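Scroll down for the structure; my scribbles are underneath it.
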Amino acid sequence: MGSILKVLFDLRQSIKSFVIFWHDRINKLLKISNQKNLDKKMVADLNGKKTPNWKQFKRFPKTLSQTESLLVKIAAALIIVSLAFVFYFDFWSKLVDAPKNGGEFTEGLVGSPLYINPILSQSYADADMDLSRLIFSGLLKYNEKLEIVPDLAEKYEISADQKTYTFYLKQNAKWHDGEKVTAADVIFTIQSIQNPDFKSPLMRSYTGIVTEKVDDYTVKFTISEPYAAFLNLMTVGLLPQHLWNDIPAINARLAVYNQKPIGSGPYKFKSLIKEKSGIIKAYTLEKNKEFYGKVPYIDKIIFKFYPDYENAISGLTNKEVQSLGFLPKAYLKKFMNKRDYNLYNLEMAQYTAVFFNDKNNTLLDNAKIRQALAYAVDKNKIIDDILLGQGQKIDGPILPGFLGYNTDIKTYEYDPKKALELLAADGWVPDGEVLKKNKQELKIKLTTVEQDENIKVANMIKDFWNAIGVNVELQIVSSDKIESEVITPRNYQALLYGEITGYDSDLFPFWHSSQRVAPGVNLANYANKKVDQLLSEARTSSDQSAREQKYKEMQNLIIDDLPAVFLYSPTYTYPVSKNIKGISAQKIATPSDRFIDIENFYIKTKKKFVG
């Protein structure tokens, strides 16, 4: 009985506890509900407006139930995600890297500058022309398509008879020392080129040009007969008269301004470092902030000079420099797989050929021998094995893309069998490993410059000619002597050499008979009256169609006469660190043309919105 009562008592206590628990719980919930109602009432009482103020807004989360709070959080998250997508696709995705001012660009060059002077640099080191290109500017310039466009000139006019050219200068152009560029500077520069005491290598091209000052910013040029390539001459960099006028022309090469120049170009001289011997080791340019054209992005360009390519390439791989002025084909493989560099393979207005000089070897006066020598050369093998494919086979003196270029011309494709047949028909018979005729050996001396590519090509040509019974003697001449001891005196029988044809298709300097003597560059001592006539008529014609026809006819005559074996047009390889951007040049006429769009080079970037 006692145990039953105990059970009933415990049950009563449990029921009582249960009732008390839920009573307290219900009261608590009612208080919370009442508080929410009071909060809502307070909000309404505090502000009769439908839009809550900031203090009311801060209390808003307290008015929500747990479920409502969760729903609000989910909605807010969805809104944030949606806004992020909208921001990315409508704004962030349209942000691109754009050039920004600043940074230093360091380039390695082989050799050392001597005359940083646009009217002297043409006959000296590439370094001279590279620096002159950046420091000086001319009336006209070439753009990245090698088209002639105004530079210091605002505009120009050509008379109806093609004999008078009038140039109007930009009036905001200044020299690096702050003086204005005027017509007096233009006249002084042209007359200095024409002055024999100045000894400018450009003198021959500017002979016969009469200059006249119209006013401070207008200059007129008069020539005796039309000259189609006249505008090309107006791209020469100008010298400041106020600095050079008191320097006797005969002492021009001694002037301090040849190494510390004052120009009007996009970059100006800042400093140089010399060795004890006087050789310049480093040269610093800074951008010309007062430049009349587009001011460059890069603040400084530093050139470091090396004695040879081995040291220069070591400087590039060791990050001493960010680019190299030129990469010889022998080093191409070393850089082909390097991810830190871009290799810009620029088309260049240059061709390499073997020029025959029958004055020093009468055997080369024989057309059959010249033809046999041409058929014996495998141009494709030269390009593939030595140039590593970085070149184009050519069969004539006019390069692709230039006026008068024609693919429908006679070619001498590799055919050693045909070469042997030509020699046999001319009476040459085998005598051991060589051919002889009337006891005379078929022997030729092949001369070239001491450069890796040329030496390899010369040895391959020697093998080709040996294979058809020609005894070949190689003569390798150092680069500092090739001009004075070989080219100028025409001291060679067959010369393997590269010629830069320039910006215009005017081949007068290369193939007219009047150019057989230096400083003319008719390296084959070629003379043909009909070719002379065509060249003279083409250079005086303003009709491009007529010029083109004359060049095509001229080219066919040269190929028939075969004064040279045309081999290939090499590409110009320019290795540059991927940190340097904005390089757009694809075609150049001279090595310094790699800087043709220097104002667009950049290192630093910023984000720019493209709508």
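The values are calculated or read from the model by the stated rules, or taken from the named source; none is laboratory data. Because the structure is predicted, anything quoted here is derived from the model rather than measured. In this analysis, Cβ positions are derived from the backbone assuming ideal geometry, glycine residues included, and neighbour counts consider all displayed protein chains.
Results, tabulated for the structure shown:
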{"quantity": "Unique residue being closer than 29 Å to THR573 by Cα, buried (at least 16 other Cβ atoms within 10 Å of the Cβ) and of a type outside the set (Lys, Arg) when the list is ALA419, ALA376, ALA372", "calculated": "ALA376"}
{"quantity": "Residue identified as crowded, with 22+ Cβ neighbours inside 10 Å and in the same structural domain as MET129 (by TED's automatic domain parsing) among SER264, SER314, SER271", "calculated": "SER264"}
{"quantity": "The lone exception for LEU535 - which of (1) more than 32 Å from the chain's Cα centre (by Cα); (2) not in a loop (DSSP other than H, G, I, E, B) it fails", "calculated": "(1)"}
{"quantity": "Failed item, numbered, when SER542 is tested on (1) surrounded by 15 or more Cβ atoms within 10 Å (Cβ to Cβ); (2) at pLDDT below 95", "calculated": "(1)"}
{"quantity": "Candidate set from segment 189-209 (those that are aliphatic (A, V, I, L, M) and in contact with a Phe, Trp or Tyr (Cβ under 7 Å, 6 or more places away or on another chain)); member that is nearest to ALA160 (Cα to Cα)", "calculated": "ILE209"}
{"quantity": "Residue in segment 152-167 that is more than 26 Å from VAL210 (Cα to Cα) and either at pLDDT 95 or above or in the same structural domain as ASN600 (by TED's automatic domain parsing) (or both) present", "calculated": "no"}
{"quantity": "TYR283, sole failed condition from (1) buried (at least 22 other Cβ atoms within 10 Å of the Cβ); (2) part of a loop (DSSP other than H, G, I, E, B); (3) touching a strand residue (DSSP E or B) at 6+ places or on another chain (Cβ under 9 Å)", "calculated": "(2)"}
{"quantity": "Criterion violated by VAL295 - all others in (1) touching a Lys or Arg at 6+ places or on another chain (Cβ under 9 Å); (2) assigned to a strand (DSSP E or B) satisfied", "calculated": "(2)"}
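Results for (1) assigned to a loop (DSSP other than H, G, I, E, B); (2) out of contact with any strand residue (DSSP E or B) (no Cβ under 9 Å at 6 or more places or on another chain); (3) more than 26 Å from TRP511 (Cβ to Cβ), shown as yes or no for each residue.
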position: ALA374; (1), (2), (3): no, no, no
position: LYS381; (1), (2), (3): no, yes, yes
position: LEU387; (1), (2), (3): yes, no, no
position: PRO397; (1), (2), (3): yes, no, no
position: LEU403; (1), (2), (3): yes, yes, no
position: THR407; (1), (2), (3): yes, yes, no
position: LYS410; (1), (2), (3): yes, yes, no
position: TYR414; (1), (2), (3): yes, yes, no
position: ALA419; (1), (2), (3): no, yes, no
